[in-house]
Amino acid sequence: MNLKQISLDDIDLKDERFRFSYHYDLRRLLLSIKKIGLVNPPVVVNRDHRFILVTGWKRICVYLELSLTPLPVFILEQDDDLRAFLFSLYENLAHRDFNLLERAEIVCRLKGFIEDEKRLVKEYLPLLGIPPTLPYLDLYVKISQLEPSWKKVIFEKKISLASVGLLIEFGASELELLVPLILPLSHNKQKQILDDLIQISRKEEISLKKILEAERIQSVLQSEKLSSLQKAERVRILLRKERHPSLSAWKESFEASLKRARLSKEVILGSSSFFENGEFSVTFSLKDKEEFSKRLARLQKLISDEDFISLFKRPPDG
Amino acid sequence: MDKDSFYPQRVFITKDSEPLPLTQRILKNLHHLPVEGIQNPQDLIEDIKMSRDPVAEGKKCLLVTLQKGSFVKSCPCTPQYIGCNYFIINSDLNCPLDCSYCILQLYLDNPLITVHTNSEKLWNQLDNFLNKRRNRSLRIGTGELGDSLALDHITERSKDFIRYFSARSHAQFELKTKTININNILGIKPPGNAVIAWSLNSHQMAQMEEVGTPDIYKRLEAARLVSRAGYRVAFHFDPVIYYQGWEEGYAEVIDDMMMRIDPKKIAWISLGSLRFPPALKSVIMKRFPQTKIIYEEFIEGKDGKLRYPKPIRLWLYERIVEFLRKAGGKKIPLYFCMESRDVWQEILEIKIRGKEDVQKLLALPLGES
């Protein structure tokens, strides 16, 4: 590679065929270049008497911001675009991990360069830590095709691959509704809300928009008293109930009976998960013999308490 | 052989299996298809696994190879629930039928329909296995990791198995199928210890969820023909699926079954409600976008699998057992697949301590075959 000083105007920055990073924080690099100058020059290739950037997008952004010129670059003698791209890929791979969006861009670029999908899957997906299957290739290509504004949100809010994998199935208008709703939640809860929405939508054959437009959900979303986290949490619970109506009803009924039985704070009645093994447990705490005697007397009394006995009934069929 | 019988699009034969008699029989039955010889199936398996739908791709291919591991295994059943004390013969893997709920979509590392043709090893292993257990009755079958008869027009293996087991009367040998591929079976004399079993569902569920299978009428008619020929038959309502109209759906099939088949010819009927590992759900969602059965309410059972909450399971079983009893099946042995002790107790009023009790319930007394 030859080192050469060129003007920024000599590089066709609109040609992004080798670029796979779009979202980054320039502050540290800006400080570094200000203080000690450019240590590693970007790499370019020559195509039709224009330079195309292979590596060094962050460095170019800093140069543009600081209006620095001329720019030292290495000129890579490589006519083959795939090989030039691989130069950039391996150069980066050697010293850092790629984020979700970068992996998606890399996969998308590789797909443009390599016709044989199975070769791409076999040789390159494992390098990126992606399972080598065609469904994963499709997933990452779809992520790369999201609108830039959604990509920015995914990057900034660090939305997980599991949730992004569900989000890409929705159209633009649905994303407008969904993304702001789920953002305040943790990764697990984001995924749960998306799973529930998709499953309700498939089961009831109604659109996601229609589910979210239901009055009980709208009254939460339009509340002026609730924070966005509170709204998200309430909608999540409403959707859980809608997705699991019987289980929610049994749980509520059990809790209501428990409440009516007025057990003291020190006596806790537990049931097996959704009554699967039909067992219950009683836990109580005590400090001395007197308290022990009190708790036992209280428990003994419960045997004739109808509300308490109703807890052991099997929930109704269907 | 039915006109709808399965034929693979591609046939692969490993070099080491080529000279074997069963391989040659398969080649004869597939003479109209091109065959590719391969050294090692692993590359082929990896290539299919890479596909957009490896399950569907695997169903287009037939791999003829050697069983390197053990042919005979204990049915894994499921932890924490009552087992069935059944033994499975892994002669074939996978099947051409495409049921939405099939656990094999997730379970097997090899998505290809695979036939193991080293029969000598199979018979040796079976001899050892059965000799060690010659003083007890047992149940054994081939329908666990694939359909027992779906490839029978290609392998004709049912005849080999039935003949082999006819001389081993302490073992009840079961072929379990959803097909009507019964020509080979009808061509041989039925021994008393062979049981030909059909997996059944309601018409609606069979039509919607069991892609590529013969309809229930055809299955029941095949069962009638087989039982008329002198075989004992069995039925597996597994998975029982909870959906709008399930009671009418299962009642209709049970009535039809009991009208066609003499209850005395029914060796057993099993019941098991829909259950699946959580990871299978996304596979089903992707492969069967129209299905709704996975959107019912499920709980995570003691074995980690998703299953209907117990009240729903009890409701399903109660009604189905009632339909069976009403239709004349009071004396037919019933058992549950992967259910808890208290479900056995509540529905069948049988105290089951473990899988040995299940075996006793379904065993043919020694010397009665």
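Which pairs have Cβ atoms under 8 Å, sit 6 or more apart or on different chains, and link a residue in the stretch B:229-242 that is surrounded by fewer than 24 Cβ atoms within 10 Å (Cβ to Cβ) and acidic (Asp, Glu) to one that is at pLDDT below 95 and in a loop (DSSP other than H, G, I, E, B)?
The qualifying pairs are B:Asp238/B:Cys337.
Determine, yes or no, whether A:Ile309 is surrounded by 13 or more Cβ atoms within 10 Å (Cβ to Cβ) and at pLDDT below 85. I'd like the intermediate steps shown before the answer.
Numbers: surrounded by 13 or more Cβ atoms within 10 Å (Cβ to Cβ): yes; at pLDDT below 85: yes.
So A:Ile309 passes the test.
Counting only residues that are surrounded by fewer than 18 Cβ atoms within 10 Å (Cβ to Cβ) and among the polar types (S, T, N, Q), how many does the stretch B:114-134 have? First the steps, then the outcome.
Taking the stretch B:114-134 and keeping what is surrounded by fewer than 18 Cβ atoms within 10 Å (Cβ to Cβ), we get B:120-121, B:123-125, B:127-128, B:131-134.
Going one step further and asking which of them are among the polar types (S, T, N, Q), we end up with B:124-125, B:128, B:131.
The total comes to 4.
Out of curiosity, is A:Arg50 at negative phi, charged (D, E, K, R), in contact (Cβ under 8 Å) with a residue 12 or more places away in the chain and touching a helix residue (DSSP H, G or I) at 6+ places or on another chain (Cβ under 7 Å)?
On the way: at negative phi: yes; charged (D, E, K, R): yes; in contact (Cβ under 8 Å) with a residue 12 or more places away in the chain: yes; touching a helix residue (DSSP H, G or I) at 6+ places or on another chain (Cβ under 7 Å): no.
No: the conditions fail for A:Arg50.
Can you name the condition, by its number, that A:Ser257 falls short on among (1) free of Cβ contacts under 8 Å to residues at least 40 places away in the same chain; (2) surrounded by 13 or more Cβ atoms within 10 Å (Cβ to Cβ); (3) more than 25 Å from B:Gln290 (Cβ to Cβ)?
Exception for A:Ser257: condition (1).
Looking at A:Lys287, A:Lys294, which is the one that is part of a loop (DSSP other than H, G, I, E, B) and over 46 Å from the mean Cα position of the chain (by Cα)? Full working, then the answer.
Values: A:Lys294 fails: part of a loop (DSSP other than H, G, I, E, B).
The conditions single out A:Lys287.
Can you list the helices (runs of 4 or more DSSP H) found entirely within the stretch B:151-218 that contain at least 2 residues being of a type outside the set (S, T, N, Q), touching a residue at least 12 places away in the same chain (Cβ under 8 Å) and crowded, with 18+ Cβ neighbours inside 10 Å?
Here the list reads B:152-155, B:157-166, B:203-209.
Restricting the search to the stretch B:110-150, which residues are within 17 Å of the chain's Cα centre (by Cα) and either part of a helix (DSSP H, G or I) or among the basic types (Lys, Arg) (or both)?
Correct list: B:Arg139 only.
Could you list all residues from the stretch A:239-284 that are part of a helix (DSSP H, G or I), over 14 Å from A:Leu302 (Cα atoms) and either acidic (Asp, Glu) or away from every other protein chain (no Cβ under 14 Å) (or both)? First the steps, then the outcome.
Initial filter on the stretch A:239-284 (part of a helix (DSSP H, G or I)): A:239-243, A:245-260, A:273-275.
From what is left, the residues that are over 14 Å from A:Leu302 (Cα atoms) are A:239-243, A:245-256, A:273-275.
Within the stretch A:239-284, A:Glu242, A:Glu252, A:Glu255, A:Ala256 meet the criteria.
All but one of (1) buried (at least 18 other Cβ atoms within 10 Å of the Cβ); (2) farther than 24 Å from B:Ile185 by Cβ; (3) among the hydroxyl-bearing types (Ser, Thr, Tyr) hold for B:Ser74; state the number of the condition that does not hold.
(1)
What residue, of A:Leu31, A:Leu3, A:Leu13, is among the aliphatic types (A, V, I, L, M) and surrounded by 13 or more Cβ atoms within 10 Å (Cβ to Cβ)?
Details: A:Leu31 fails: surrounded by 13 or more Cβ atoms within 10 Å (Cβ to Cβ); A:Leu3 fails: surrounded by 13 or more Cβ atoms within 10 Å (Cβ to Cβ).
Going through A:Leu31, A:Leu3, A:Leu13 in turn, just one is among the aliphatic types (A, V, I, L, M) and surrounded by 13 or more Cβ atoms within 10 Å (Cβ to Cβ): A:Leu13.
For every residue, the table says whether it meets (1) more than 14 Å from chain A (Cβ to nearest Cβ); (2) closer than 29 Å to A:Leu125 by Cα; (3) under 26 Å from the mean Cα position of the chain (by Cα); (4) not aliphatic (A, V, I, L, M).
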site: B:Lys15; (1), (2), (3), (4): yes, no, no, yes
site: B:Pro19; (1), (2), (3), (4): yes, no, no, yes
site: B:Thr23; (1), (2), (3), (4): yes, no, yes, yes
site: B:Gly37; (1), (2), (3), (4): yes, no, no, yes
site: B:Ile45; (1), (2), (3), (4): no, yes, yes, no
site: B:Met50; (1), (2), (3), (4): no, yes, no, no
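Among (1) more than 29 Å from B:Ser282 (Cα to Cα); (2) assigned to a helix (DSSP H, G or I); (3) touching a helix residue (DSSP H, G or I) at 6+ places or on another chain (Cβ under 9 Å), where does A:Ser219 come up short?
Unmet condition: (3).
Anything in the stretch B:298-346 that is in a loop (DSSP other than H, G, I, E, B), surrounded by fewer than 17 Cβ atoms within 10 Å (Cβ to Cβ) and either of a type in the set (S, T, N, Q) or within 11 Å of chain A (Cβ to nearest Cβ) (or both)? List them, or say none.
Correct list: B:Lys302, B:Asp303.
Taking the stretch A:127-157, which residues are β-branched (Val, Ile, Thr) and more than 14 Å from chain B (Cβ to nearest Cβ)?
Pass one, the stretch A:127-157, residues β-branched (Val, Ile, Thr): A:130, A:133, A:141, A:143, A:153-154.
A:Ile143, A:Val153, A:Ile154, listed by residue number.
The values are calculated or read from the model by the stated rules, or taken from the named source; none is laboratory data. This is a predicted model, so every value here is computed, not measured. In this analysis, Cβ positions are derived from the backbone assuming ideal geometry, glycine residues included, and neighbour counts consider all displayed protein chains.
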